[in-house]
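Have a look at the structure below before the remarks.
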Amino acid sequence: MIGIVISDTFLVCGVCTENEGKRTLNNLKQVPYTEPINNLLYLEGELNSILGIALRRATEYIPVSGQDVVVAIDDDFVHHSVLDTEVDLAREDYWDYINWIEQKKNRPESQEISLFGQIYLPEETNIHIVACPIPLTRTIKLSIAELGGNPYWMGPASSVIIDAGHVSDAAMIKKKKNQYEFHLVQNCRYDHGLLSFTAGIPRIINATQPDDVILASFRLVESDLDDVPVYSPGKLGRQAIAAWESSDLRLMEPFDSVSLGSALLSDEVVSHFELNILSELIISGATGHSFNFFEEPQVTDFLFTELFSDEKEPYLEPVQVLKENRSEKVSRPMSSGEMLWLFLALIFIMGLFFAMNYIKFREDINRPLFGTKSEYTVKRSAPRNIISIVDEKSEHDMKMHLHSRAVTSILAKLFLETDLERYNNLTVTKSFISLEYMSGLNPDIEHTLELEPTSYSVEATGDDSTMFLWYYSFDFPTLEKIDTLDVGLDKDQFLVQLDTIIADYTLKYF
């Protein structure tokens, strides 16, 4: 399995194997970006040239071909919100309401997002909603698929911690300057927000629950309410640890429950926060149960007992089968009156059966008993316009033929006007072409194919930067736009062209 953690300025990639229930981290690599991506989440072209290239560079050290790939992204890339549940509302009603709220926000058309919801069972107190940029999800999923991997799961880093399954109620904190971003699950309810400490006194900046409830959950104030363990994937200083001293603070250490392989790069320096997220990706159960950005947008049910049952089967006491003492029914003989009524009922049922079949038989021979006169009747169906049916089918066949010609022409130009030995990678499907071409000069493939590339990037290779790796992606023309293609010569044009080329000829018509 391959685990990838994507942050604002770099990504961390690791590969692990499982043997007899023990998981081992075999290799680890951190790949920096050429520039931060937090402001480029809705620009697919920029993401492909920055994040896509970083993923390809990571696979040079850790191949993903044929592997399941799980991805955790920074919570700053997504937007968290909650929706309180109500009685007698179905999942479809919640989903329609969530989409209606999103439409009321009037986002710009350039900011495409996917909505995902999660309900914690069995209480179903509220719905945890996450809005994720579509260009970010699409870039990661397509890049993994092009590299031969299987996009198995992707979600926010907070879900990797709080949905890990160590305990049913848990919280995660992440320090941001003098504030702490928190994500909390307690009593099947999700909450999030910001808090800070002023002279050692906790203060809620914003939260989806009342301040006293949040502080009591973290045991920062005296209360009779239950508290939850607080996990910190990032490092905390002495003052921060002292501020959280009254809470059940659990400082996470990377790969605490994972064995390290001999091939692990010893000089690889990775951020403490990303290492802890990668560790939880390897050992936690969130990847199989929490909402998945690689799937279609929907509301997911999350049940902790299912996650616990996957890890360890609970001990079940033997169930004793209790036999009920039921009194045996005593059969009595039927009286003569009951026998008579039963006989009449059978005769009535058989009479109805023969009557229905006789009526159906008369209709089959065109002599119905009801609704018409005694003579024969003939019903004619409405005539079908054969010419329009033939024309419609011919037009569709012509479009299919022209579409095939267009695709064949594009592939012929690509193979005849480029050097096949310079291809580093070439993917051809029924809808698009994706290629990596090695050349010192610009191959100008978009003008060769006369197509506008859907994605384009270039990367220098070698120490002297004299050779470059050109990345292209083109979409084949669709069947709806096939009318713009050249349909060739009709019969009259063909004869005129023959007359201008051939001087002495004889034409015979058959």
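Computed from the Cα positions only, the extents of the range 77-129 along the three principal axes stand at 38, 22, 13 Å, in decreasing order. With neighbours defined as other Cβ atoms within 10 Å of a residue's Cβ, the residues F415, F291 order from fewest to most as F415, F291.
Which shape class applies to the range 11-169: rounded if a/c is under 1.5, otherwise prolate when a/b exceeds b/c and oblate if not, where a ≥ b ≥ c are the square roots of the Cα gyration tensor eigenvalues? Cα axes put the range 11-169 in the oblate bin. 3J(HN,Hα) along the range 186-191, derived from phi through the Karplus expression 6.51 cos²θ - 1.76 cosθ + 1.60 where θ = phi - 60°, amounts to 8, 6, 6, 10, 9, 9 Hz, with x in place of Gly and Pro. The relative contact order of the range 2-311, computed from alpha carbon pairs under 8 Å that lie at least 6 residues apart in sequence, is 23 percent.
Relative intensity of the range 2-311 on a log10 scale, I(q)/I(0) at q = 0.16 Å⁻¹, equals -1.46, per a Debye sum over C-alpha point scatterers of equal strength in the absence of solvent. The convex hull around the C-alpha trace of the range 165-235, projected and averaged over every direction, spans 4.9 square nanometres. Count Lys and Arg as plus one, Asp and Glu as minus one, and take only other residues whose Cβ is under 12 Å from that of L236; the net charge is then +4. Residues W153, W95, arranged from fewest to most other Cβ atoms within 10 angstrom of their Cβ, appear as W95, W153. When the Cα atoms of the range 397-501 are aligned to their principal axes, the ranges along those axes come out at 61, 33, 19 Å in descending order. Note on the range 397-501: dipole from Cβ charges, positive end direction compared against L420, N442, V458; the farthest Cα belongs to L420. Structure shown: which of K29/K105; K22/K235; K29/K141; K22/K175; K22/K176; K104/K177 lie over 30 Å apart, alpha-carbon to alpha-carbon? Checking Cα-Cα distances, K29/K105; K22/K175; K22/K176; K104/K177 exceed 30 Å. Across the range 358-365, rounded Karplus estimates of 3J(HN,Hα) from the backbone phi angles (6.51 cos²θ - 1.76 cosθ + 1.60, θ = phi - 60°) give 5, 4, 5, 5, 5, 5, 5, 8 Hz, Gly and Pro being marked x.
For the range 427-469, the Stokes-Einstein estimate of translational diffusion at 20 °C and a viscosity of 1.002 mPa s comes to 182 µm²/s, using the Kirkwood hydrodynamic radius over alpha-carbon pairs.
By the count of neighbouring beta-carbon atoms within 10 Å, fewest first, R189, R23 end up ordered R23, R189.
Every number here is computed from the coordinates shown, using simple stated rules; none is lab data. Just so it is clear, the model here is predicted, and its values are computed rather than measured. Backbone-built Cβ (ideal geometry, glycine too); neighbour counts: all protein chains shown.
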